[in-house]
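K.L.:
Sharing a structure below in structure tokens format, with a few things to ask.
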Amino acid sequence: MSTREASAPQPRAAETSRHYRLTHTTTYRYPAAVTSSYGRATLLPRPGGGQQVHSSGLVIDPVPDVVAEHRDFAGNRSGFFHVTTEHEVLRVVSHAVITTGRRRSDIARLPTTGWEEVAQLVRTIRMGAPGTSRDNPNTVVAIADARLPSAMVDTDESVREYAQESFTPGRPLVEVIMELTHRINTDFTYAPGSTSVSSRLPEVLAGRKGVCQDFAHLLIGCMRSMGLAARYVSGYIETRPPPGKPKLRGVDASHAWAAVWLPDGGWVQVDPTNDQVVDSRYVTIGWGRDYRDVAPLRGIVFTDGSGSQLDVGVDLWPLDGGEVAGAVAEVDDLTAPWRDRCGTTTGRGSAD
């Protein structure tokens, strides 16, 4: 997961979009030969929500015998593969070219509905009249689902106790969201290695440290403990080196943040790791109830050995508008075998 992005640039006022060339490389090294490897990769960015995917696909080595791509219950893109060639190294590379056009939400313009009223609406959510924010059954299901506890987001008393300081009676939910984002950023130390992908919120609360996954889970848990709808978002954030230093290839990382549903305001996306509202510097891979729904790569291998060595490299490289066409051609060429075998297009689309 990414570090706090203290050196990341603030969005320029006149800027309406950003272009990126994304490469995410995952390498597994095994102590003994693997005879069969079956995997699921959630590494392909999803279109929509202010994000356009010009081209995307996977490159897997050894070449899989079976590949498939589909969208899961939340609309995230998943790639499946089965490798039967004997191997001791498995490499999965995701390539994409993306344009992001989302602007930072203007908090002052969002509805000031009190959090108790929103919680009541979430508990009794039903289809709304045409033209409202609840006129789509998929939206209603997504809101109802995002209120429920999930495997990695505990809503026990310790989480509720931490949340209550921000949930004063009658307070607008948008104010609660922003204060909790700031509190988590202030109260907790960003400390890679202090937690693992399986860490739960009581452990994070006790240690007062963690990484972006933990901080996103905590904000989600606080919201759900009060009957509100919140979901986990996985992706990347553009970072830049300190002044005078060049940007290095392959030193970026995946990132995580949270989104809270606000009536007539949609899903308000905030990043507690960096104490800010999500903007065009963020590239979205997918979202779900928690990390498990959008884990980058998971699977099963058959081998006589035990354990593996994992290496991950991420490169989120900014492009000028004139560089997009060349980057798309490059990714189209690299990922043509994947797309041809899956029967998909280049991953283009904007519906969501």
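The values are calculated or read from the model by the stated rules, or taken from the named source; none is laboratory data. Note that this is a predicted model, so its numbers are computed, not measured. As a convention, Cβ positions derive from the backbone with ideal geometry for all residues, glycine included, and neighbour counts pool all protein chains shown. We work out accessible area using only protein heavy atoms, side chains counted, and drop any ligands, DNA or RNA first. Shrake-Rupley method; radii C 1.70, N 1.55, O 1.52, S 1.80 Å.
K.L.:
With the full set of protein chains in place, find how many percent of the accessible area of the chain is carbon and sulfur; take the probe as 1.4 Å.
P.N.:
Heavy-atom surface of the chain belonging to carbon and sulfur, 1.4 Å probe: 52 percent.
K.L.:
Which value in deg cm²/dmol, rounded to the nearest 500, describes the helix-derived mean residue ellipticity at 222 nm for the chain, given -39,500 (n - 2.57) per DSSP H run of n ≥ 4 and division by the residue count?
P.N.:
For the chain, the value works out to -7000 deg cm²/dmol.
K.L.:
Let me ask something else about it. Ordering Asp154, Asp106 by how much accessible area each has at a 1.4 Å probe, largest first, what is the list?
P.N.:
Descending accessible area places them as Asp106, Asp154.
K.L.:
Of the listed peptides 231-237, 141-147, 43-49, what is their order by residue-averaged count of other C-beta atoms within 10 Å, with the highest listed first?
P.N.:
By packing density, highest mean first, the sequence is 231-237, 43-49, 141-147.
K.L.:
R0 = 45 Å: FRET efficiency of Glu203 with Ala325, Cβ-based, nearest 0.05?
P.N.:
Efficiency computed from Cβ-Cβ geometry: 0.40.
K.L.:
Additional query: Please check which bits of the stretch 65-95 a label hung off Phe302 would reach, taking the label as a point 7 Å along Cα-to-C-beta and the cut-off as backbone N under 16 Å.
P.N.:
Hits in the stretch 65-95 for Phe302 at 16 Å: 65-66, 81-88.
K.L.:
Contour minus end-to-end for Asp65 and Asn136, with contour as 0.36 nm per residue of separation and end-to-end as the Cα-Cα distance?
P.N.:
That pair, Asp65 and Asn136, stretches by 21.7 nm at full extension.
K.L.:
Estimate the FRET efficiency between Asp333 and Ala191 by the formula 1/(1 + (r/R0)^6), using the beta-carbon distance for r and 51 Å for R0, to the nearest 0.05.
P.N.:
0.80
K.L.:
Now, a different point. Starting from the residue with the highest accessible area, list His255, His19 in decreasing order, probe 1.4 Å.
P.N.:
His19, His255
K.L.:
Also, quick follow-up: Calculate how steeply helix 212-225 sits against the longest principal axis of the alpha-carbon atoms of the chain, using the helix alpha-carbon long axis, and give the answer as 0 to 90 degrees to the nearest 10.
P.N.:
40 degrees
K.L.:
How big is the chain by the Kirkwood estimate over distinct Cα pairs, in Å?
P.N.:
21.2 Å
K.L.:
Tell me the accessible surface of Ser17 in square angstrom (1.4 angstrom probe, heavy atoms of protein chains only), to the nearest ten.
P.N.:
Here the residue's solvent-accessible area equals roughly 40 Å².
K.L.:
Excluding ligands and nucleic acids, what accessible area in Å² is computed for Thr85 using a 1.4 Å probe, to the nearest 10?
P.N.:
70 Å²
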